[in-house]
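The structure appears below as structure tokens.
Derivation of every value follows stated rules applied to the coordinates shown; laboratory data play no part. The shown structure was predicted, so the numbers you read here are calculated from the model rather than taken from an experiment. Using ideal geometry, Cβ is built from the backbone for each residue, glycine included, and neighbour counts are taken over all protein chains shown.
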Amino acid sequence: MRSNKVFLIALVLLSLLVIKNILRLYYFPSEGLEFIQAEFSNYALIIEVIMILICLSLIPGFYVLRKAGNESESFFKGEKFVTLILMLSALPLVLALLITYLLGDALFAVGLLVYGILFGVLAYFLRI
């Protein structure tokens with residue numbers, strides 16, 4: 001159970017890092033990031049659609065894992081299952097961090113951040 005607490009703390013720190021980058025992007029845009037964002041601006045819609053599809057595929061994936069956990073007695077019980085759920089809930093936060101660097105779209109990053117936090121909290125409490 002100790003590794004789950006460590007991973008949960010890492011998830012909270014990742015969320016705070018994303019919030020810091022979103023605020024920094026909004027209030028203090030840098031010239032170096034503007035060059036990178038200009039390179040990816042042509043593909044912004046494609047990147048956003050791919051990230052939305054990745055995040056939305058987490059919901060059925062969670063339910064498949066939950067159903068497998070109910071049927072299986074050995075692997076999905078206890079600490080391993082919770083760690084797997086926490087790893088899945090970190091994916092939208094990592095994508096939100098990536099979107100701040102690639103596109104500079106603060107609104108989309110906030111949406112992914114909120115989705116990641118809500119998915120993480122609901123998945124963590126619905127794991128039983």
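Using the Cα centre of the chain as the reference point, and only Cβ charges (+1 on K/R, -1 on D/E), how large is the resulting charge dipole? Debye, rounded to the nearest 20.
Values: 9 positive and 8 negative charges, 138 e Å.
Approximately 660 debye in magnitude.
Below 19 Å Cα-Cα, how many Lys pairs turn up in the chain? Only count pairs eight or more apart in sequence, or on different chains, if you could. Mind showing how you got there, number by number?
Numbers: Lys5/Lys77; Lys5/Lys80; Lys67/Lys77; Lys67/Lys80.
So the count works out to 4.
Quick check: the angle from helix 2-27's long axis to the longest principal axis of the chain, C-alpha only, nearest 10 degrees?
Taking Cα atoms only, the helix is inclined about 20 degrees.
In debye, nearest 20: dipole of the range 2-74 around its Cα centre with unit charges on the Cβ of K, R (+) and D, E (-)? Kindly include the intermediate steps, with their values, before the conclusion.
Values: 6 positive and 6 negative charges, 91 e Å.
Around 440 debye, computed over the range 2-74.
Any chance you could give the angle, 0 to 90 degrees and rounded to 10, that helix 106-125 forms with the longest Cα principal axis of the chain?
That works out to roughly 10 degrees.
So what's the Cα pair-distance distribution over the chain, bin width 10 Å, in %?
13, 38, 29, 15, 5, 0
What percent does the relative contact order of the chain come to when contacts are Cα pairs within less than 8 Å and at least six residues apart?
Working: 98 pairs, mean separation 48.3, N = 128.
38 percent.
Report, in deg cm²/dmol and to the nearest 500, the calculated mean residue ellipticity at 222 nm for the chain, where each DSSP H run with n ≥ 4 adds -39500 (n - 2.57) and the sum is divided by the residue count. Don't jump to the answer; show the numbers that get you there.
On the way: 6 runs with 107 residues, N = 128.
Helix-only estimate at 222 nm: -28500 deg cm²/dmol.
Between Leu107 and Glu71, what's the calculated FRET efficiency when r is the beta-carbon distance and R0 is 35 Å? Round to 0.05. All intermediate terms of the calculation are to be shown ahead of the outcome.
Numbers: r = 41 Å, r/R0 = 1.16.
That gives a FRET efficiency of 0.30.
Using the charge dipole of the chain (Lys, Arg: +1 at Cβ; Asp, Glu: -1 at Cβ; taken about the Cα centre), state which of Phe108, Leu93, Leu126 has its Cα farthest towards the positive end.
Comparing the listed Cα positions along the dipole, Leu126 ranks first.
Name the residue, out of Ala38, Ala109, Ala96, whose mean-square fluctuation peaks in a Gaussian network model built on the chain with Cα pairs under 10 Å.
Largest GNM mean-square fluctuation: Ala38.
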